[in-house]
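Worksheet for the structure shown next.
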Amino acid sequence: MNTNVSRTEEHEYFNMKIKERVQHFEPIHIQECGEQVCENSMPDFLGHLEKTSELPAVKKENFLKRFVSAAKNSFSDLWSKDMAIDLGTANTLVYMKRKGIVLNEPSVVALRTDVHPKQVLAVGIDAKKMLGKVPDSIVAIRPMQEGVIADFEAAGAMLKHFIKKVCRGPSLLKPRIIVAVPVGISWVERRAVEEAAEQAGAGKIFLIEEPMAAAIGAGLPVTEPRCSMVVDIGGGTADIAVISLAGIVSGKSLRIAGDKMDAAIMRYIKTKYKFIIGEGAAEMIKNSIANAMPDPRHPETAEVKGRDLVSGCPRIITVSSEEVWEAISEHINTIIEAIKAVLEQTPPELSADIVDSGVILTGGVAQIRNLDKFIGNETGVIIKLAEFPLLTVAMGSGKTLDDNRLLHEVMISAGSR
Ligand SMILES: Nc1ncnc2c1ncn2[C@@H]1O[C@H](COP(=O)(O)OP(=O)(O)OP(=O)(O)O)[C@@H](O)[C@H]1O
Ligand SMILES: [Mg+2]
C-alpha cells in the first residue's frame, strides 16, 4: 500500500474494505473519523496508520483500544453459536455469525405415528419428498401454516433438528436466537415460537418482524427518519410494511400467499379439466411458468401428471402460463388491494419517500415473472425486486444478530430461559 496516501484515499480504501465485508454479510461497524471501519480491516489499517503522519496520536491510541476490543469479540465469536432463524411456512433458513446462511430447507417433518411418543423419521428436504406419498403409519406434515406454528410438537422437533444440524462441536453457552415472525401475530402465537425455540436449546430468544428483517436484508435505511416500504410474499403470508425510525409505521399481514395460489391452481385444473393434481405439482407449475404478463405470442406451457376424474386413470395434461395466471390472479389482486390500502394509510411526508425510493418486493412468490411490473402498474409506485427474494429475511435477521444496537432497536420481544 502507498505510504503517502491522502486522507481521502485512506477513506476510499476503508470504504472498499467495508464493501468487501458487507458482501460476505459480516459487518461489524466501529465508528471512527466519521467513517465506518470493519474489524477485519483493522490489521491493514493499523499498519497503514503507522506509516501516515496525518492522524493525531490520540486517534492512533483510540484505534488500538478498539482493535483489542475487536480481537476479544472475535475470540468470543469463535465459541458463539448465536443464530438467526427465518422460520417460514415453506422454508426454514438459519444464519450463523461469521458463517452466513448455513441451512435452507423446506419446513416439513415426517413422523411415525404407530409408536408412542411419535418418532421423527425425516426433516427438511428428505421429509418434503415424502409429502402426499406416505403409508398410514407415517405422516409428513408442515408444522407452520399461514406464517405461524400450527403443530407445536412437530415445529419443536423440526427446530431442534435444524439447530443440532448447524451446531456442531462443543459449546459453552446456549445460543442467542433471533426468530423472524409475521407482523401482528397474537401473543399466543409468539409464545409458541419462543417455547419451541427454548425447547430446541435456545438461551436468549429475540423476535423480529419479517418485513423489518426483509428491509434490513435488502439494505434499506430502517433506522433513519426516512420511509422504506417492503412487500414480502412467502408461502403462508404476504407481509406489507412501511418502516421509519426502526418501527413499522403502517402495515398489513394477509394469510394469502404461495400455498393459497397452489390450492387455486389445483381447483382451477380440477374444474376445467376434471383432473386432480397434487400440491407439489401445482407448486411446480406456479414456480416454472406463472407469469403476471403472459405474452400470447410466446406461449409457455408445462406438462403435469395427475389423475383423470372421469376415467380414474393417471394421465398427463399440458397447462399454459395464461391459465396459471387466471387461477392465481384473484389472490394477487387481493394483495395489491392491501398494498394500496397501506399506501393510503401512510402519512404524506413518508409517501414522498416511497415515491422517490420505491417498494422492495421479496419472498419466494416475488419471483413470479413480471410480478414487479404488474404491481407497479396497478399501484403507480416503483417496485424493485429484491436481489435474493428467498434469502432476504434470513440475511436481515442475520445482520441484526451481528449488530447489538440495531437488534435492540428493532426487536419486538426478548425472552430467556
Ligand atoms: N420461482 C418462483 N416463482 C413463484 N413462486 C415461487 C418461486 N420459487 C418459490 N416460490 C414460492 O415461494 C413460496 C416460498 O417462499 P418463502 O420461502 O419466501 O416463504 P416462507 O418464508 O417459507 O413463508 P412465509 O414467510 O409466508 O411464512 C412457496 O409458495 C414457493 O412455491
Ligand atoms: Mg418468509
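The values are calculated or read from the model by the stated rules, or taken from the named source; none is laboratory data. Keep in mind that what you see is a predicted model, and the values were worked out from it rather than measured. Heads up, the Cβs are rebuilt from the backbone with ideal geometry, glycines too, and the neighbour counts pull from every protein chain shown.
Computed values, structure above
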{"item": "Test: residue in region 372-389 that is within 15 Å of ligand 1 (Cβ to nearest atom), part of a strand (DSSP E or B) and basic (Lys, Arg)", "result": "no"}
{"item": "Subset of region 222-247 [on the phi < 0 side of the Ramachandran plot and more than 16 Å from ligand 1 (Cβ to nearest atom)]", "result": "Val222, Thr223, Glu224, Pro225, Arg226, Cys227, Ser228, Met229, Val242, Ile243, Ser244, Gly247"}
{"item": "Residue selected from region 198-221 under the condition among the aliphatic types (A, V, I, L, M) and within 16 Å of ligand 1 (Cβ to nearest atom), by the criterion farthest from Leu361 (Cα to Cα)", "result": "Leu207"}
{"item": "Output for region 380-417, where each listed residue is in contact with a strand residue (DSSP E or B) (Cβ under 8 Å, 6 or more places away or on another chain) and more than 26 Å from Leu173 (Cα to Cα)", "result": "Val381, Ile382, Ile383, Lys384, Leu385, Ala386, Pro389, Leu390, Leu391, Thr392"}
{"item": "Failed item, numbered, when Leu49 is tested on (1) surrounded by 12 or more Cβ atoms within 10 Å (Cβ to Cβ); (2) aliphatic (A, V, I, L, M); (3) modelled with pLDDT of 85 or more", "result": "(3)"}
{"item": "Residue list for region 257-280, filter: more than 10 Å from ligand 1 (Cβ to nearest atom) and either in the same structural domain as Gly358 (by TED's automatic domain parsing) or crowded, with 24+ Cβ neighbours inside 10 Å (or both)", "result": "Ile265"}
{"item": "Given (1) touching a residue at least 40 places away in the same chain (Cβ under 8 Å); (2) of a type outside the set (Ser, Thr, Tyr); (3) more than 16 Å from ligand 2 (Cβ to nearest atom), number of the condition Pro348 does not satisfy", "result": "(1)"}
{"item": "Elements of type strands (runs of 3 or more DSSP E) in region 237-316, at least 2 residues being within 16 Å of ligand 2 (Cβ to nearest atom) and either in contact with a Leu (Cβ under 9 Å, 6 or more places away or on another chain) or among the hydroxyl-bearing types (Ser, Thr, Tyr) (or both)", "result": "238-244"}
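Residue-wise test of (1) modelled with pLDDT under 90; (2) more than 26 Å from Ala341 (Cα to Cα); (3) assigned to a loop (DSSP other than H, G, I, E, B); (4) not basic (Lys, Arg).
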position: Ile185; (1), (2), (3), (4): yes, no, yes, yes
position: Glu189; (1), (2), (3), (4): yes, no, no, yes
position: Glu194; (1), (2), (3), (4): no, yes, no, yes
position: Ala215; (1), (2), (3), (4): no, no, no, yes
position: Pro221; (1), (2), (3), (4): no, no, yes, yes
position: Met229; (1), (2), (3), (4): no, no, no, yes
position: Asp232; (1), (2), (3), (4): no, no, no, yes
